[in-house]
Amino acid sequence: MNHAEILVFTPTYNESNNIRSLIEQIFELGLPVDVLVVDDNSPDGTGDIVSGMMPSHPNLKLLKRARKEGIGSAHLSALRHAKSEAYSVFISLDADFSHKPQDIPRLLELKDTHDVVVGSRFQRESSLREWNLFRRFLTHLGHFLTKALLQLPYDASGGFRLYRLDRIPITLIDRIESRDYEFFFESLALLHMTGIKIGELPVDLPARTYGHSKMRPNHMVRGLLRLFRLAWKLAMTRHRSRGNSKTKEDPDPEIMREMWDKYWDGRKQEVEKSTYDIIASFYRNYLIRPTLNHFIRRTFSPHAELVHAGCGGGEVDADVVRYAKVTAVDISPNAVAKYLASHGAQAECLVMDIFHLSRLGRRFDGLYNLGVMEHFEQDQIRQILAEFNRTLKPGGRLLLFWPPVYGLSVIALKIIHFVLNQILRRNVQLHPPEPSKVRSRSQIQKLLGESDFDLESFSFGVRDAFTYAVIVATKRP
């Protein structure tokens, strides 16, 4: 790699009075970092000053935009640039010395234990001591609203942050809609909601030393409206997640994420669930894993680029990640965390739902999953198969382990649920609902054909104790 692993970013608009000093102070820290300035064509020549410094600072970079596009837009541009250049750590700070460059090493001390670290103005009384009363009031009001409306326990409106980009998928960044100051609380709400591990670092903010605030009343009004809209959206998501789980409506992605996070949460205490997990782990390791290995080797060449779409905790992938190049995705951050702990050095792991795999930005030789398709309704399965088609190269293959209605594990689980819930009145759900189990080979052949796949083989047998119908299909040219 021709650049540092850490990128320090600052957005600028008319910061000519202090940009030179800021850059010098960052480099004087002696850290192995690159510095990126995103300038919105500042009339005062800020971009020209940065350009003039670049020959003497090889690690200094400038992204000069044609017009003023907003501070949130600048952060998004910088984050996408950092992801595209494979920086593992991204640090942002303001250019007006509201944030001290000398706090960057303290921020880096937390990079191994957190995915995101935010500089907090509310963890010690001295943080805002030098600010005037009105500015302190607005800051505390904003903190109160983000805590009350978004249920964010962090300082959600500050720009001094560290992101572990090697742990945050680009699809999460792409979901951020705000382009101005509301970027800060929207981005943190999204990261918090998807299970990203967030920490805080207490910081002291001095009175404004250089320049003046660029926030205008219209920015405040727009930010407040955006805050209420986002709060309403989150509240409705939480309400639906507490509603009737038997509804046939398309599941909200956040509800699905919550459901699967609960399933993959290792802290469960119920005796029934713990017993089920032990049996399921035995099943995965001693029946499903050998069967998966057999079909992976029969279906894909060594070192093929594969997507495990709905990877779960990854117990069955121990051998596959050594045989092929695996990109593992799952909607549950808990599941992805388990996969990372087991196979993070051998596979790329991302939090993502399987309806948007084409956002990975490249095509693959093959795609496989186990026990995923049956959790969706027929229309959703058609959407998923169409997305699988978009994700694969011409001639790419699907390998789907899909339980049939006549599978022994399906029958056993029904019996267990009947005993627990109808006889013992325990009201236990050991596994998320499965509305679309396989009924016949012709049913699967029809579904695949509608999405331009040809069915190659359909297997059901003793190898995995009659658990799955194993389906192999090829994308039509």
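Things worth noting here:
- Trypsin sites (Lys or Arg not before Pro) restricted to the stretch 331-400 and DSSP loop, no more than 15 other C-beta within 10 Å: ARG362, ARG363
- Largest first and in whole Å, the equivalent-ellipsoid semi-axes of the stretch 1-62 read 20, 11, 10, each the square root of five times a Cα gyration tensor eigenvalue.
- Too-long pairs where the Cα-Cα distance tops 32 Å, listed order kept, from LYS61/LYS147; LYS83/LYS393; LYS197/LYS437; LYS111/LYS475; LYS437/LYS475: LYS61/LYS147; LYS197/LYS437; LYS111/LYS475
- In the stretch 329-385, GluC sites (Glu not before Pro) in a DSSP loop with at most 11 other beta-carbon atoms within 10 Å: none
Each value in this text was obtained by applying a stated rule to the coordinates, not by laboratory testing. No experiment lies behind these values; they were computed from the predicted model shown. Backbone-built Cβ (ideal geometry, glycine too); neighbour counts: all protein chains shown.
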